[in-house]
Structures are given as C-alpha cells and as structure tokens.
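Quick notes on the structure that follows.
The values are calculated or read from the model by the stated rules, or taken from the named source; none is laboratory data. Computed from a predicted model, the values in this text were never measured in an experiment. Cβ coordinates were reconstructed from backbone atoms using ideal geometry, including for glycine residues, and neighbour counts include every protein chain displayed.
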C-alpha cells in the first residue's frame, strides 16, 4: 500500500474516533473553560495581542492556543463546546500521521503503524485529544523541535545540509513558547544537552548553524512580542514572565503533590503504553543500530520530563503529558519487536500490566457505583465535606450505561491477561484496541455524566440568572464558568463603579479592577452572589446579602 494511502486511512480513522460524540462532554472548569472563555473574549473584543478573562489582561498564558480556538469559533460561528476542542483534534490527526511518518523514515513502516495505533489509543492521550486543554498542541510543537534536532544528528552521518533543520528547530520551539511559555525551552534544552553529552557530539550543539535556530525562535515569538510591545509596552510580558517563575517554583499550593505523583499518573492513565514501554526506559534491551540515536532521544525526553516535573511541587496530570510521546513510542516498539519475532514478551511484564490495568479498572467501576448505589455508603459520606456532599446528594442517579466502560474493560483486559499468564502469546497490540475502545465508550457514556454531576447545577443556575438579566458573581471560590456560560459582554462591565477605577490613559485596565465589583457599596444594581455551601460568610458579607436559594453544593445570595 502506498504511503499516502496509509496516511489517508489514519486521518479518517483518527477523525472518526476523536470527533464521535465530541459535543457530548461539557468543557471542564478550570482549564478548559478558562481557555475557551479567553478565545470567546478574543473574538468579541477583536483584541488578539494578549489573552483576556473578564475583558482584562490574563497574564498566565501566551496567545497561540487561544488564537487557534478563536479561529475555529469564528470559522464555525458557534459557542458549542466542541469548537474549542478542535485545535487538539487537529493536533491528534497531525500527531498520528507524524509518528507513522517518523517510523517510515526510520526504515520501519510497521513500527510507525504501531506507534500511530499507540498514539491514538493509549487511554490518557485519547481523552486529551478530545479536550480543550493546551498541552496536546504544546507537546506537539516541543516534539517537532526535538525531532528536527534528531534529523540534525543524522544529517552529519548522511552528509546532508542541516541548515533547514536548525531553522525549523527554532521555529517549532518558538511556537511551543507561544503556546504555553518558556518551559518548552527548558525541556528542549535539557534533552538536547544530555543527548549530545551521551553521544559526545558537541559539534552539533556548538555549530554556527545554531544561530539559525535562534533566528527561527525569534521569528516565531516575534509574531506576538513585537506587536504587543509596540501597542502596550512591556507590562503584560513582565507579569507573564514572573507568573511562569512562580509556577515553576511551585507557589500554587492547591496543586502541590508528592514527588511520586507523576509516576503513578503515568503508570495508570497511560495504559497500556506505560507498562509495555518499561523494558526500554532504562536502556536498549535489543540493540537496533538503525534507531539507537532515536531511542536515546526518546528515553532522554521521558526522564527529563519526569524528573523536572517531579522536582517541582506544582503538579497537575497534564504536566507530565509530554512523557506520553516516548511512552507510546517504546510501547509500540515492544509490539513491533514481538510482531517481527525479534524478541519474546517478558513474562514479568504481566505484573505491572496487572497493577496498571487493575487500578484503571477499579476507577472505572468506583466512579459510577458511587452515584448508582442508594443510599450512598456511610463511610463515604463521613469523608465528604459539605460542598462535596451537596454535589453528590443533588446528582441524579445514573443508569446502567455508565457501567459499560468498566464491564467491557474488565472482560477484555482480564481475558487478555489470562491468556498471557498461560503463555498463549496474545499480541500486546490488542491492549491498545481495548484501551482506545474503552476510552471512546467512556467519552460518550461516563465522562458526560461526570461533567453534569460536577458542573451542571452551577452552569444551569448561571444561565438561568443571566437569561433573566440578573448580574451574577461568585465569591469564595474560583471559576471561569461564570463568564463563559453566562456569556458576559463588555457592556456588562460598564457603569459598575469599581472601587479602584483604571485611569483612561492606561493601555488596559489593571487585572484586579473588574473582579469583586459586586461588593462595591455604591453599586445600585441588584447583585446575585454564588458561594459554596462550605463558605463561612463574615459580618460584612451578611450585612449586604441574604440567602435566596440552596442548590446542589452551592448557595445563592441576593443583595439586600
């Protein structure tokens, strides 16, 4: 089969799996709703220079991913959740085709095919390709920069001109910077340094052609930085820089986790690639001269990302998501070696496969059973806070379809494991089919209902109050759902008489001005405040607001 035909098949299959039921899942607060709201405000304000929330500067993110979301929103002219996920869907299509292409360039088209299968069907990547999170696009650009550096290492062997490779390294690294920030440069720099040191090929790193990488990087970030500096000065960039520093230092306490957090996350959520890759993460178990440098690059990428984000105290699931690229590669490499009869399946690998699969299986069972079982087990009720208890009590009881992912995964995975334990040699490639199928079924049965339990009461209340023309704010907790689902417009912030009004000469208002304006005693407009049930209001608050309604885990207050 011609290569172009294989690419076409992968494109169609990827789009079919990633687009199926894409609009069934509501965007999750915070991150998904945060980015989508920034894109919505960007489209409304026509301000493409910097990211905004509440139509004021939002220092935390550069704009490229928001540009992409705004592009698709304008292209399809809809506010539906699926349109904000399209950048990741397209990134998924590109990634699946890219890894097949890399496998073909390595001279192992079958390896490329298995890698494409692993990239699409590994559990966590599949879920994230269908999300509105920045990281899939961010990771794609970093990976492209690393791949171009690998091509540089091969150009010296093949006596090719490396000028374009050096330039494209900088371009892709700049695009990664524009997507999420300077951590891209840190990760790339560490990977290149260690790969170069291990290979003792310092001429690649010290080449004058490296100036082309700097040029490509500057050209990419110049698309944003130069117009921003020209229009608004350095204030936004200054705040943006220091936020990145604080983030890396771990100054966000609600994201602090133990050092082994990402090890557990990768082992379970990157099923089955995480366990299939284990024999190859510590060295070349099977020497393959054609891919030794590439294997070294992928291995270095995995350990750099894992160590860096294990050291930082700020830990979120997708922080280690760049590890999914080397995990899916080595997981596919394992299948490739078995498929070509070049190695046997390590019997000991059944144990980590069992642990990883069992943990995922338990999670798939527990989540729906907590909602389905009536009454809720007493030991669980005793561990819940007032807010969580209110959310759970208000949740509608789920039907049997939410048990479908757990049931199918249990049957399929345990069936494969039993055959493997009895040395019937089932192909580990089937584990990817199991993982992808269960992930898709979860995406259309389990995850939408989970989103409804966690967010629907709040979202419905915001939409209802906004439809009645009420002015709504939240107090005591952080959410981006208010502006996004309330579809706030710039006019909603007019005549609010904030306590610290911005000077008309300022390029844009300071970030705190349009927050908590409902508490201004001079504001004559009737204001509705939403708090969580566990919020303990002080006398100042109680003198200004009275309880209007209790709903789910929240309390609605209205100004007196």
- [ ] Output the residues belonging to segment 503-543 that are assigned to a loop (DSSP other than H, G, I, E, B) and at pLDDT 80 or above.
- [x] 533, 534, 535, 536, 537, 538, 543
- [ ] Using the structure shown, decide if residue 340 is surrounded by 14 or more Cβ atoms within 10 Å (Cβ to Cβ) and under 29 Å from residue 429 (Cβ atoms).
- [x] no
TODO: May I ask you to verify whether residue 41 is surrounded by 15 or more Cβ atoms within 10 Å (Cβ to Cβ), touching a strand residue (DSSP E or B) at 6+ places or on another chain (Cβ under 6 Å) and part of a helix (DSSP H, G or I)?
DONE: yes
TODO: Could you list, in sequence order, all residues of segment 386-430 that are at pLDDT below 90, part of a helix (DSSP H, G or I) and under 30 Å from residue 534 (Cα atoms)?
DONE: 386, 387, 388, 389, 390, 391, 392, 393, 394
Open item on the list: Tell me whether segment 183-197 contains one or more residues that are within 30 Å of residue 240 (Cα to Cα), part of a loop (DSSP other than H, G, I, E, B), modelled with pLDDT under 90 and under 30 Å from the mean Cα position of the chain (by Cα).
Closed with: no
Task: Within segment 439-482, considering residues that are in contact with a strand residue (DSSP E or B) (Cβ under 7 Å, 6 or more places away or on another chain) and closer than 26 Å to residue 366 by Cβ, the one surrounded by the fewest Cβ atoms within 10 Å (Cβ to Cβ) - done: 477
Open item on the list: Among the residues that make up segment 38-56, is at least one of them over 30 Å from residue 244 (Cβ atoms) and without any contact (Cβ under 8 Å) to a residue 60 or more places away in the chain?
Closed with: no
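A quick yes/no check of all residues on (1) within 28 Å of residue 21 (Cα to Cα); (2) within 16 Å of the chain's Cα centre (by Cα); (3) modelled with pLDDT under 90:
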position: 51; (1), (2), (3): no, no, yes
position: 58; (1), (2), (3): no, no, yes
position: 64; (1), (2), (3): yes, yes, no
position: 89; (1), (2), (3): yes, yes, no
position: 96; (1), (2), (3): yes, no, no
position: 100; (1), (2), (3): yes, no, no
position: 107; (1), (2), (3): no, no, yes
position: 110; (1), (2), (3): no, no, no
position: 117; (1), (2), (3): yes, no, no
TODO: Collect the residues in segment 455-478 that are at pLDDT 85 or above and either in a loop (DSSP other than H, G, I, E, B) or touching a helix residue (DSSP H, G or I) at 6+ places or on another chain (Cβ under 7 Å) (or both), keeping them in residue-number order.
DONE: 455, 457, 458, 459, 462, 463, 466, 468
TODO: Mind listing whichever residues of segment 72-100 are in a helix (DSSP H, G or I), surrounded by fewer than 23 Cβ atoms within 10 Å (Cβ to Cβ) and touching a residue at least 60 places away in the same chain (Cβ under 8 Å)?
DONE: 82, 89, 93, 97
Task: segment 304-324, residues that are within 15 Å of the chain's Cα centre (by Cα) and farther than 19 Å from residue 181 by Cβ - done: 324
Open item on the list: Take the residues in segment 208-247 that are part of a loop (DSSP other than H, G, I, E, B) and modelled with pLDDT of 90 or more; name whichever of them is surrounded by the most Cβ atoms within 10 Å (Cβ to Cβ).
Closed with: 209
- [ ] Please work out which residue is farthest from residue 195 (Cα to Cα), limiting yourself to segment 132-170 and to residues that are in a loop (DSSP other than H, G, I, E, B) and touching a helix residue (DSSP H, G or I) at 6+ places or on another chain (Cβ under 6 Å).
- [x] 132
TODO: Return a yes/no flag: does segment 274-294 have any residue that is in contact (Cβ under 8 Å) with a residue 12 or more places away in the chain, outside any helix (DSSP H, G or I) and closer than 17 Å to residue 430 by Cβ.
DONE: yes
Task: Residue check for residue 157: closer than 30 Å to residue 447 by Cα and either within 15 Å of the chain's Cα centre (by Cα) or modelled with pLDDT under 95 (or both) - done: no
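For (1) under 21 Å from the mean Cα position of the chain (by Cα); (2) buried (at least 17 other Cβ atoms within 10 Å of the Cβ), each residue gets a yes or a no:
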| position | (1), (2) |
| --- | --- |
| 260 | yes, no |
| 266 | yes, yes |
| 279 | no, yes |
| 295 | no, yes |
Task: Filter result for the condition that a residue is crowded, with 18+ Cβ neighbours inside 10 Å, closer than 20 Å to residue 483 by Cβ and touching a strand residue (DSSP E or B) at 6+ places or on another chain (Cβ under 6 Å), over 58, 65 - done: 58
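Each row is one residue, and each column tells you yes or no for (1) modelled with pLDDT of 90 or more; (2) in the same structural domain as residue 449 (by TED's automatic domain parsing); (3) in contact with a strand residue (DSSP E or B) (Cβ under 8 Å, 6 or more places away or on another chain).
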residue	(1), (2), (3)
273	yes, no, no
306	yes, no, no
309	no, no, no
332	yes, no, no
348	yes, no, no
365	yes, yes, no
